[in-house]
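Take a look at the structure below.
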Number of protein chains: 4
Amino acid sequence: MSAPTTTTTEHSARQGYGGDPRSPLRVAVLGVGMMGQDHARRLAGLVNGAELVAVSDVDAARTDAVAAEFGVRAIHDPKAAIADPEVDALVIATPGFTHEDLVLLAIEAGKPVLCEKPLTTAPETSRRIVEAEAASGRRLVQVGFMRRFDAEYQQLRALIASGELGRPLFLHCAHRNATTPPNFSSEMLMLDSVVHEVDVVRYLTGEEVVAIRVLAPGSTSHAPEGLKDPQFVIMETESGTLVDVEIFVNTTFGYEVRTELVAERGSVQIGLGVGLVRHSAAGWGGSIPRDFKERFGAAYDTEVQRWVDAVRAGLGVDGPGVWDGYAAAAVCAAGVQSLRSGERVVVDLGARV
Amino acid sequence: MSAPTTTTTEHSARQGYGGDPRSPLRVAVLGVGMMGQDHARRLAGLVNGAELVAVSDVDAARTDAVAAEFGVRAIHDPKAAIADPEVDALVIATPGFTHEDLVLLAIEAGKPVLCEKPLTTAPETSRRIVEAEAASGRRLVQVGFMRRFDAEYQQLRALIASGELGRPLFLHCAHRNATTPPNFSSEMLMLDSVVHEVDVVRYLTGEEVVAIRVLAPGSTSHAPEGLKDPQFVIMETESGTLVDVEIFVNTTFGYEVRTELVAERGSVQIGLGVGLVRHSAAGWGGSIPRDFKERFGAAYDTEVQRWVDAVRAGLGVDGPGVWDGYAAAAVCAAGVQSLRSGERVVVDLGARV
Amino acid sequence: MSAPTTTTTEHSARQGYGGDPRSPLRVAVLGVGMMGQDHARRLAGLVNGAELVAVSDVDAARTDAVAAEFGVRAIHDPKAAIADPEVDALVIATPGFTHEDLVLLAIEAGKPVLCEKPLTTAPETSRRIVEAEAASGRRLVQVGFMRRFDAEYQQLRALIASGELGRPLFLHCAHRNATTPPNFSSEMLMLDSVVHEVDVVRYLTGEEVVAIRVLAPGSTSHAPEGLKDPQFVIMETESGTLVDVEIFVNTTFGYEVRTELVAERGSVQIGLGVGLVRHSAAGWGGSIPRDFKERFGAAYDTEVQRWVDAVRAGLGVDGPGVWDGYAAAAVCAAGVQSLRSGERVVVDLGARV
Amino acid sequence: MSAPTTTTTEHSARQGYGGDPRSPLRVAVLGVGMMGQDHARRLAGLVNGAELVAVSDVDAARTDAVAAEFGVRAIHDPKAAIADPEVDALVIATPGFTHEDLVLLAIEAGKPVLCEKPLTTAPETSRRIVEAEAASGRRLVQVGFMRRFDAEYQQLRALIASGELGRPLFLHCAHRNATTPPNFSSEMLMLDSVVHEVDVVRYLTGEEVVAIRVLAPGSTSHAPEGLKDPQFVIMETESGTLVDVEIFVNTTFGYEVRTELVAERGSVQIGLGVGLVRHSAAGWGGSIPRDFKERFGAAYDTEVQRWVDAVRAGLGVDGPGVWDGYAAAAVCAAGVQSLRSGERVVVDLGARV
């Protein structure tokens, strides 16, 4: 194992991870099923400062196809991808049961990892990774609990931390999926879905969960035979906040994730698609964007990304062009004239160029 | 002018604009006031495939400061930036009255431009640009009507185009700002703000505006002396859709932009912060995300971008780490145990590593 | 004129209108089409302190049928109903063109009238009634602008009057109906529907309307041939508040009436079915009921009315009975036991009695 | 016991309860604290077909004051009020511990009772009443679970009964009060508040509750010392629907009662103040009023009640008068003129009469 470690050290010296921050991070995606492909697309076309350099999957044909799509290397053995000197960092999106081995190898290789949840499928194996990373003396492993990057969860956490509404008393959560893949078991509602809510509780309250109880009422007729769906989960945190989770994964339609905080002086819901909705002495309601950056920031991001993509592809424009600018100018000039005269003004653009 | 043209031709051959699509687009931002700085930040740290290489502003001190912040070249003369052979494309965010000259120069130089709205401040000058681009034989100029990249406007446009609700009869629009900068004139409500609504109308209906009328009721007491604020604008499109716009730029708080389509068989509102809300024979309401990608796509994007940034900065992790993965695994394992036993199960994480 | 006046004086002496407030008011409904029948039902079974004593309609068969349904007198000539000494007051729900004659007769007879809108179909005839009532020296005629009794309009009016949001700048109104009856003319959109909005504007602002303009964009294909539907109405009030009304009476579904006030420091919408929704510096939102009376007041009213009706009909109970009381008591007792023990408690009701 | 029974028989023969349905029901209210006074006001001024004839309370001074306010008899002994031959029926709003005796007496007297919840404070005593009523051979006792008369609960029940969304899996309930009166005990959260939710569950599902469990997380700091507030209640119905209730009675503000049904093919929320909000394959949303009766029915009821009250009080009008009718007619006539000419038309009302 000494060789890879050495390699890594040299390597990190030249990669920006402790090296030149201007050179892009060379990332390999391990596991290119639905989730892994999504991450590959993200790294290849959206994320600034990274370069997708390889994909790897035990399914060799899939690996080759995805590699061809993105014009990157196919590495058939994920362990080889971890060891590869041209790979600076790894996104792991393989099935959960493979995570332990792959993450431990990456730690050994000193390479940063973004590992899809769950970290591993059992507390013992996760604990082993915790200890391995601690022994390495560096922070190398991030877990893909992506809700922590969602604006609503971040705002709710900040609100709890501010103490403005007092101590959290309840978190009422619901997690609903349209359908489950084949072979989804009753345990997987917990391991695959509620795991997100567990992290949410820890993230929002800053406390550990100290007890859990799961109730399984009668199943929906839309669940596959033998699957206990829905379930109802009750958790308690260190300070006594009570958490309930409705987990229901065969609703037949849509994806709904909701959290309601009930605190001493008010309650707040997120996941309604409308930002934080607060109920307090001031009434119910939400906030209004301060300015156009808040309202249209994502549109600006998309505009510029698509313009850059269009220019690089030799198209020049991917959006409103000069005729649009001209037509708007003509209408506005007529508007100014109407403002002065109080009359209706006809707009004539002339022939389309 | 032949030299720059020659340069550009060579240049575009090597830049991806007709050249290698793998090399990043080198962009200069002209005008680094509030909007230009925002674009500079976007190009430097978020957009994939572009490289911010220079900033330029008639305010030399500001140019230097912004250039230093992003570690790029300061070019004090915007025209020099356009001609610079190390610059592939331009984002123009200078004041509107300078746009005509700068955009014409860029067209002459054959360099793609993303020009903030308005294209120019008068129809005559905009028309001149339309003709210059047509004469160049290439599409080079995109105008910054960013609402076309907002998901709600895109969905509303698709809905209109589908014909599902019949012919558009009305568009009721409101555009409200908290305050205006000093020296904001009554005409600027039209030229600076309503110009967005004009483009929205053209984008949504696919029709030109053929007539306009502006009413100015009594002004709000919060408007600067002499400013006619609010105003009420009525426009007619080619096929007779009636558009009304409340434009109110000193509401004292917030930013609110709203559009309601009223068509033959239903109405749809956007800008409520909750996606499209439709009123039709089926009742009122909106849609539910299909899956987690729709609901949490932006969170995934942010997660990976921040992880890449953290790794390049030598931090390794910027988000949930292995302890978080371990704690979640432990709670879920206890949950599975409870599902089987029906009993409350205590979770013990052991000492924090 | 002396005779009827004398009669009225005697009469009012014995009727509660200046007489015994404990005796019920004897009301006749003139015109028993859809609206008149609705008022008859209301007076017969819901309103306290009134007694429906007669109905009258030029359609004799309809008069007889409705009279039989409510067990009251049929009076075939509405003028006879006005003169009838057993009738204390009148609800007029006949077609608008008959209102002038009937209301003038009622004033002459000194009998109070609740007259459905419009008061009359032309300003000249309405003015005649204004003068006749003034000459009578008493207030006798109320007009059926029922929106003034809607909680949302009342709250919005109080909010405007409080001055909290500053001067009203705009009222944006929409009035939408599913379909129109046969022979509905373009003028009737104004006379039959917008008339409500005119009263709303006057009620909310406390000002008269000083100018009006009506625009008719292209009609919906669902409108009967020749009907200009929708229309767009712009009104100005004395102090300069600008009012716009979308009037659209063949939407093919539903009934939607909405008003948005835009004032100097905030805006408020009503008609969303959710009370007042305010946008102001505090964000957007509404109020929360203070107590159960506010939330469930109408349910209590219905409960008691239905119980009284059931008891009078010899049924004794029309709602939850003793078994419901017993079952609730048993579950709550088990709940108290669980609160003390922390355990799940089984509830056994025994055999149903 | 024979005497009262005899009296009652004669009596009911003349009262409409088996007697003349035209004569009003003579009602006494027992207990005139907050709730009883509210019922007295309702019976005296709003409910049609009833007459408040007496009030009775163990607090003699309060009885006299309330009797004077409504101009009815004060009967200091509630049992005397039950026996009184001038009293046809009773509303019982005394404290819960007195209900058993009073209701049993009323059953014995053969007089109909509307008894505020709880029927009694223990299952044994409630069961005694069930048996007494059964033995009487008549339905005489209605329990004040007023939510069954709320439109939203009624609509939700109808939706469940229709089977459209499949079998009910969960009912998520929340019941929140601003504050509790002095001496409110931990058990009273169950007996006084959750009792409503128990009835709601039984009403909505048509099933009995078969098991219950109550969890008490840490109390809010706003609760009086020793009060376990909030609590979390879990109930199971006969067919396995799982019910959870957040009961929280010291939120410091407002009154919030909410129920969410989660069924096999969709979920529905009530108590948001916006009617039923449904989440299903069609998206989220609610219904639109069909017509003006649905939207403004309550306004019509209020209009006519207030007009009747005003006329009986000698005021003639309590709402819009003839000037309002005239002004509306004048504006509408101008509108018709504008519709024809397309021009702005000035409205001149002349001098106010």
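The values are calculated or read from the model by the stated rules, or taken from the named source; none is laboratory data. Owing to the predicted nature of the structure, the values given are computational and were not obtained by experimental measurement. Here the Cβ positions follow ideal geometry from the backbone for every residue, glycine too, while neighbour counts run over all protein chains shown.
Give A:206, A:254, A:240, A:163 a once-over and let me know the one that is in contact with a Pro (Cβ under 9 Å, 6 or more places away or on another chain) and surrounded by fewer than 18 Cβ atoms within 10 Å (Cβ to Cβ).
Details: A:206 fails: in contact with a Pro (Cβ under 9 Å, 6 or more places away or on another chain); A:254 fails: surrounded by fewer than 18 Cβ atoms within 10 Å (Cβ to Cβ); A:163 fails: in contact with a Pro (Cβ under 9 Å, 6 or more places away or on another chain).
None of the other options fit; the residue is A:240.
Being under 29 Å from residue B:42 (Cα atoms) and assigned to a loop (DSSP other than H, G, I, E, B) is the filter here; which residues of segment A:33-74 pass it?
Passing the criteria: A:46, A:47, A:48, A:49, A:71, A:72.
For segment C:144-181, name all the residues that are farther than 22 Å from residue D:325 by Cα and of a type in the set (Ser, Thr, Tyr).
Selection gives C:162, C:179, C:180.
Of (1) under 24 Å from residue D:234 (Cβ atoms); (2) in contact (Cβ under 8 Å) with a residue 60 or more places away in the chain, residue A:153 satisfies all except one. Which?
Checking residue A:153 against (1) under 24 Å from residue D:234 (Cβ atoms); (2) in contact (Cβ under 8 Å) with a residue 60 or more places away in the chain, the one that fails is (1).
With the requirement that a residue be within 11 Å of chain C (Cβ to nearest Cβ) and either touching a strand residue (DSSP E or B) at 6+ places or on another chain (Cβ under 7 Å) or touching a residue at least 60 places away in the same chain (Cβ under 8 Å) (or both), what does segment D:108-128 give you?
Step one: filter segment D:108-128 for residues within 11 Å of chain C (Cβ to nearest Cβ), giving D:110-128.
Of everything in segment D:108-128, those that are within 11 Å of chain C (Cβ to nearest Cβ) and either touching a strand residue (DSSP E or B) at 6+ places or on another chain (Cβ under 7 Å) or touching a residue at least 60 places away in the same chain (Cβ under 8 Å) (or both) turn out to be D:110, D:111, D:112, D:113, D:114, D:115, D:116, D:117, D:118, D:119, D:121.
Just the residues that are at the interface with chain B (Cβ under 10 Å from one of its Cβ atoms) and in a strand (DSSP E or B), please, taken from segment C:218-247.
If the condition is that a residue be at the interface with chain B (Cβ under 10 Å from one of its Cβ atoms) and in a strand (DSSP E or B), then C:231, C:232, C:234, C:236, C:237, C:242, C:243, C:244, C:246 are the ones that fit.
Does residue A:102 meet the test of being in contact (Cβ under 8 Å) with a residue 40 or more places away in the chain, part of a helix (DSSP H, G or I) and in the same structural domain as residue A:34 (by TED's automatic domain parsing)? Step through it out loud before you land on a result.
Values: in contact (Cβ under 8 Å) with a residue 40 or more places away in the chain: yes; part of a helix (DSSP H, G or I): yes; in the same structural domain as residue A:34 (by TED's automatic domain parsing): yes.
So residue A:102 passes the test.
When the residues of segment A:263-274 are filtered to those that are of a type outside the set (A, V, I, L, M) and within 19 Å of residue A:243 (Cα to Cα), which remaining residue is farthest from the other protein chains (Cβ to nearest Cβ)? Quick ask: steps written out before the conclusion?
Applying the first criterion (of a type outside the set (A, V, I, L, M)) to segment A:263-274 yields A:264-267, A:269, A:271, A:273.
Checking which are within 19 Å of residue A:243 (Cα to Cα) leaves us with A:264-267, A:269, A:271.
On the way: A:264: 5, A:265: 6, A:266: 8, A:267: 8, A:269: 10, A:271: 8 Å.
Taking the candidates together, the pick is A:269.
Looking only at residues in segment C:264-284 that are in a strand (DSSP E or B) and on the phi > 0 side of the Ramachandran plot, which one is surrounded by the most Cβ atoms within 10 Å (Cβ to Cβ)? I'd like the intermediate steps shown before the answer.
The first filter runs over segment C:264-284 and keeps only residues in a strand (DSSP E or B), leaving C:266-270, C:277-280, C:283-284.
Those still in the list that are on the phi > 0 side of the Ramachandran plot too: C:266, C:283.
Working: C:266: 21, C:283: 18.
Out of the qualifying residues, it is C:266.
Tally up the residues in segment D:285-333 that are surrounded by fewer than 21 Cβ atoms within 10 Å (Cβ to Cβ), outside any helix (DSSP H, G or I) and over 25 Å from the mean Cα position of the chain (by Cα), please.
Total satisfying the criteria: 8.
When you go through (1) closer than 22 Å to residue C:129 by Cβ; (2) at the interface with another protein chain (Cβ under 7 Å from one of its Cβ atoms) one by one for residue D:344, which number turns out not to apply?
So the condition that residue D:344 fails would be (1).
Residues being touching a residue at least 12 places away in the same chain (Cβ under 8 Å) and in contact with a Phe, Trp or Tyr (Cβ under 7 Å, 6 or more places away or on another chain): count how many of those fall in segment D:279-305.
Initial filter on segment D:279-305 (touching a residue at least 12 places away in the same chain (Cβ under 8 Å)): D:279-281, D:286-287, D:303, D:305.
Keeping just the survivors that are in contact with a Phe, Trp or Tyr (Cβ under 7 Å, 6 or more places away or on another chain) gives D:280-281, D:286, D:303.
So the answer is 4.
Filter segment A:275-298 for residues that are of a type in the set (Gly, Ala, Ser) and within 7 Å of chain C (Cβ to nearest Cβ) and give the result. So that I can check it myself, show each step before the final result.
Initial filter on segment A:275-298 (of a type in the set (Gly, Ala, Ser)): A:275, A:280-283, A:285-287, A:297-298.
Selection gives A:282, A:283, A:285, A:286, A:287.
Closer than 16 Å to residue D:195 by Cβ and in contact with a Leu (Cβ under 7 Å, 6 or more places away or on another chain): which single residue out of C:325, C:335 fits that description? Let's see the steps before the verdict.
On the way: C:335 fails: in contact with a Leu (Cβ under 7 Å, 6 or more places away or on another chain).
Criteria check complete, one pass: C:325.
Looking only at segment B:173-191, decide whether some residue is away from chain C (no Cβ under 14 Å) and either under 23 Å from residue C:173 (Cα atoms) or touching a strand residue (DSSP E or B) at 6+ places or on another chain (Cβ under 8 Å) (or both).
The answer is yes, given that some residue of segment B:173-191 is away from chain C (no Cβ under 14 Å) and either under 23 Å from residue C:173 (Cα atoms) or touching a strand residue (DSSP E or B) at 6+ places or on another chain (Cβ under 8 Å) (or both).
Count, please, the residues in segment C:204-221 that happen to be free of Cβ contacts under 8 Å to residues at least 40 places away in the same chain and out of contact with any helix residue (DSSP H, G or I) (no Cβ under 7 Å at 6 or more places or on another chain). Don't jump to the end; show me each part of the working.
Taking segment C:204-221 and keeping what is free of Cβ contacts under 8 Å to residues at least 40 places away in the same chain, we get C:207-221.
Filter once more, keeping what is out of contact with any helix residue (DSSP H, G or I) (no Cβ under 7 Å at 6 or more places or on another chain): C:207, C:210-211, C:215, C:217-221.
Qualifying residue count for the region: 9.
Going by what's in this entry, would residue C:260 be described as under 30 Å from residue B:255 (Cβ atoms), more than 7 Å from chain B (Cβ to nearest Cβ) and within 28 Å of the chain's Cα centre (by Cα)?
Working: under 30 Å from residue B:255 (Cβ atoms): yes; more than 7 Å from chain B (Cβ to nearest Cβ): yes; within 28 Å of the chain's Cα centre (by Cα): yes.
Answer is yes for this residue.
Look at residue A:138 and say whether it is farther than 27 Å from residue A:29 by Cβ, without any contact (Cβ under 8 Å) to a residue 60 or more places away in the chain, surrounded by fewer than 20 Cβ atoms within 10 Å (Cβ to Cβ) and among the basic types (Lys, Arg).
Numbers: farther than 27 Å from residue A:29 by Cβ: no; without any contact (Cβ under 8 Å) to a residue 60 or more places away in the chain: yes; surrounded by fewer than 20 Cβ atoms within 10 Å (Cβ to Cβ): yes; among the basic types (Lys, Arg): yes.
No, not satisfied.
Scan segment B:193-217 for residues that are farther than 18 Å from residue A:344 by Cβ and facing another protein chain (nearest Cβ under 9 Å) and jot them down. Talk me through it step by step, then tell me what you get.
Filtering segment B:193-217 for residues farther than 18 Å from residue A:344 by Cβ gives B:193, B:195-196, B:199-200, B:202-206.
Within segment B:193-217, B:195, B:196, B:199, B:202, B:203 qualify.
Taking residue A:101 and the conditions (1) buried (at least 20 other Cβ atoms within 10 Å of the Cβ); (2) closer than 27 Å to residue B:328 by Cα; (3) at pLDDT 95 or above, which numbered condition does it fall short on, given that it satisfies the others?
If we test residue A:101 against (1) buried (at least 20 other Cβ atoms within 10 Å of the Cβ); (2) closer than 27 Å to residue B:328 by Cα; (3) at pLDDT 95 or above, just (1) comes out false.
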